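Every read-out reported here was derived from the displayed coordinates using simple, explicitly stated rules and does not represent laboratory data. None of these values were measured; they are calculated from a predicted model.
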């Protein structure tokens, strides 16, 4: 096996993504009509986010403003939860970030460690 040239400890603290909890069947959060450019912008955003640690992403106001990255207050939104089985055991805090400025909507999900679990694509800003 080849050696990994990245510092493993540093690498492990960077944001990673999972689609284990992705819900593409939710009536509000549909992506079946999206063009290829939408998904290319999403991949570009994931690449940018994955160069940060969770701590830096959640605490750096410059990054939070640029990404419109912030937690979701279910009491002030159109949904009450993600609707995931055993959600209260696995979701500490729901988060969202913008795919791009004023276009393509947002992504909603949660962290488990340094892994951001994508639950909903929200191209039409349906979660208010």
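Per the Cα gyration tensor, region 27-115 maps to an equivalent ellipsoid with semi-axes of 21, 19, 13 Å, ordered largest to smallest. Computed with the Debye formula from one identical point scatterer per Cα of region 69-128, without solvent, the log10 of I(q)/I(0) at q = 0.14 Å⁻¹ comes to -0.37. Between residue 39 and residue 93, the contour length at 0.36 nm per residue exceeds the Cα-Cα span by 16.9 nm.
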